[in-house]
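Note sheet for the following structure.
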Amino acid sequence: MTNPYQPHLAKITRIIDENEARDLKTFELAFCDSQQAENFSFVCGQFAQVSVLGAGEAPFGIASSPTDQGFLQFTVKHYPTGTVTTALHNCQEGDLIGVRGPYGNGYPMQLLEGSNVVIVGGGFAFTTLKSLTNYILHPDNRGRFGELTVLSAARDPGEMIYKYELKRWSERDDIRLILTIDKEAEEWKGKVGFAAPVLKQIDPSSKNAVAVVCGPAIMIKTCVAVLLELGFAADRILTSLEMRMKCGIGMCGRCNIGDKYVCRDGPVFTYQQLQEMPKEY
């Protein structure tokens, strides 16, 4: 039997600084074992455990798309008190780290396909939303989805991540892309305001639509309230409790909410499912 706690070696092939503070980096990895690369099959919204020898491991949402060939991406925020995030941010291109997974349930593609999709992300929680957006926009998949609206919110222009992706998306005519920051900034040409009021302003239709919201807890709460006001059904609003993930396989018991384990039953839940769970999240 395969040891579920055994990480597989991957080489860091590229490191991208995602913000001006340089405390948010995307690590692009390639598995050292080609068979393991082939076996690592995932859906958007799932996560993996990333480890650094001598420092430990931590769970991160997968930022690359299943349509990306030959590499995985994880976007990691550096916390001064975080042993693993500090070790990762000290890594260089060419270093070897460990990856095990994928874990979790991911976004329910059977619900999204055939629907209009509204994606709302705040800050560095946009990681798995980048994965989902690129998956939908891929030529092999675009025809299976309806209209695509993407709202990305950040504190200021310097914290707006994935600028290279946003530029590429903005040049397409099959995506409605809205960018917003909290306060006015010099030379900023996008929206100004928090995610929830901007979402209400752009007024996406709830007809045959599914919404996916990821971000800080207060942003999720306020955006869900707007979506309900706009007519989105509770079972067609999705969010991720990625911040509650722990061991990855539901064994340590530290991610449970009632009888649910975020590592195993999540991290993606509908708002309807959350309403039926204890308010511990």
Among the residues of the range 208-229, is any over 15 Å from N116 (Cβ atoms), modelled with pLDDT under 95 and in contact with an Asp or Glu (Cβ under 6 Å, 6 or more places away or on another chain)? no
Mind checking which residues of the range 45-97 are in a loop (DSSP other than H, G, I, E, B), farther than 21 Å from F126 by Cα and modelled with pLDDT of 95 or more? N90, C91, Q92, E93, G94, D95
List every residue pair whose Cβ atoms lie under 9 Å apart, where the two residues are 6 or more positions apart in sequence or sit on different chains, the first residue falls within the range 213-229 and is over 17 Å from D182 (Cβ atoms), and the second residue, located anywhere, is β-branched (V, I, T) and part of a helix (DSSP H, G or I). V213/I220; V213/V224; C214/T127; C214/T128; C214/I220
Six or more apart or on different chains, Cβ atoms under 7 Å: show the pairs whose first residue is in the range 123-141 and touching a residue at least 40 places away in the same chain (Cβ under 8 Å) and surrounded by fewer than 24 Cβ atoms within 10 Å (Cβ to Cβ) and whose second is in a helix (DSSP H, G or I) and not β-branched (V, I, T). G123/E159; N141/Y135
Out of E165, E147, E93, E113, sole residue that is surrounded by fewer than 19 Cβ atoms within 10 Å (Cβ to Cβ) and either aromatic (F, W, Y) or within 16 Å of the chain's Cα centre (by Cα) (or both): E165
Check the range 212-234 and report whether any residue there is surrounded by fewer than 19 Cβ atoms within 10 Å (Cβ to Cβ), touching a Lys or Arg at 6+ places or on another chain (Cβ under 9 Å), within 22 Å of P4 (Cβ to Cβ) and charged (D, E, K, R). no
Please work out if A154 is within 19 Å of the chain's Cα centre (by Cα) and over 23 Å from I16 (Cα atoms). no
Every pair of residues 6+ apart whose Cβ atoms lie under 7 Å, when the first sits in the range 184-199 and is at positive phi while the second is acidic (D, E) and surrounded by 12 or more Cβ atoms within 10 Å (Cβ to Cβ): none
Filter result for F42 (touching a strand residue (DSSP E or B) at 6+ places or on another chain (Cβ under 7 Å), in a strand (DSSP E or B) and buried (at least 17 other Cβ atoms within 10 Å of the Cβ)): no
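The values are calculated or read from the model by the stated rules, or taken from the named source; none is laboratory data. Model, not experiment: these values are computed from the prediction. Cβ sites come from the backbone with ideal geometry, for glycine too, and all protein chains shown count toward neighbours.
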